[in-house]
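The values are calculated or read from the model by the stated rules, or taken from the named source; none is laboratory data. None of the values given here were measured: they were computed from a predicted structure. Glycine gets a Cβ as well: all are built from the backbone with ideal geometry, and neighbour counts include every protein chain shown. With ligands, DNA and RNA removed, areas are computed over all heavy atoms of the protein, side chains included. Shrake-Rupley method; radii C 1.70, N 1.55, O 1.52, S 1.80 Å.
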Amino acid sequence: MKENESQDLRVYPVKIDESKLNVVKKYPLLPIPFFMVLLGRVKAGKSTLLNSLCLSPRFYGDDFQVKILISPTLEDPAMIHIKEHFDFVFDEYSETLLDEIIDMVENDQNDNRYLLVLDDAITSNFVQTKSGKIDAFSSLITRYRHTTNHKTGKEGMLSIILTLQYFKYLTPITRTMAMGLVICGELSDAELKKISEAYDFFGGNSKKFMELYRQCRIEPYDFCFLNVDSMEMRRNFDAVVWSKDDAKPQLETITEERPESQKENEKKDLKE
């Protein structure tokens, strides 16, 4: 046999018990579990958007059995409905509180799915030091998808929405781990430039990103939704401005018949 036929170097799929992942598809919204960031200054419409996302059955209103809010601006009139319908409300963030919330999720005896909302609770204290040490929230973001209910063994029991006014408050980790970013209201050119550089894979480069972003901002309260999970940029949640399919090169697809030995190996891997 030829050398390339005697050695099978293909990578085969891993058999996964999908029921343990606890994923809920919500396209064109983010699938559950998720980490979503709402970015915008005061009066940019973040609170209005947050109300719809958390309370309306058209969005995620019926998907979570336990909802937790941490916000230093609880007296904002726009937050009255969220305060009434959330199960736990706190006006101050602490790493101790975060640990208690994770413990609650992991030891819940009723298999509840949790939504944690941090509304303007992130400040410049959330940083990654030069030595590599990170804050507790950034650490959580690296593993939130694997937050597991110890009784059932199900993962994906926690989803997180973070609202903030300044892009610079996102650590490199939280920026990388965000499955979706919503840009609300008006931002400075300097801040938009930083965002365009961080998310230039939407469009292919920073300049193209800015061109697409402007297409999202036509009416005063339009927002730009970057769905990193499905690689789409949308004007609000409905109109697609750019998608990964737009960027696919038109290459000829080459197919080849796999040797029987490779097919047998794949079947064995899936069974195992």
Strictly over 23 Å apart at the Cα level, which of 15/154; 26/194; 43/168 would you flag in this model? 26/194
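Summing Lys, Arg as +1 and Asp, Glu as -1, what charge do residues with Cβ under 15 Å from the Cβ of residue 60 carry, residue 60 excluded? Working shown, then result.
Numbers: positive: 25, 26, 58, 67, 113; negative: 62, 63, 87, 229.
Around residue 60, the surrounding residues sum to +1.
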In what sequence, highest mean first, do 172-181, 104-113 appear when ranked by Cβ atoms within 10 angstrom? 172-181, 104-113
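Which value, in Å², gives the accessible area per residue of segment 55-197 when a 1.4 Å probe is used on the protein heavy atoms? Don't skip to the end; give the middle numbers.
Numbers: 6940 Å² over 143 residues.
Result: 49 Å² per residue.
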Using bins 10 angstrom wide from zero, how does P(r) for segment 160-234 break down, in % of all Cα pairs? 18, 59, 23, 0
Starting from the Cα-Cα distance between residue 81 and residue 104, subtract it from 0.36 nm times their residue separation and give me the gain in nm to one decimal. 5.9 nm
From the Cα trace of segment 132-172, what convex hull volume per residue do you get, rounded to a whole Å³? 82 Å³
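At 0.890 mPa s and 25 °C, plugging the Kirkwood radius over alpha-carbon pairs of segment 74-177 into Stokes-Einstein gives what diffusion coefficient in µm²/s? Please list the in-between numbers first.
On the way: Rh = 15.0 Å.
In µm²/s, the coefficient is 164.
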Whole angstrom only: what separates the Cα centroid of segment 129-172 from the Cα centroid of segment 36-113? 15 Å
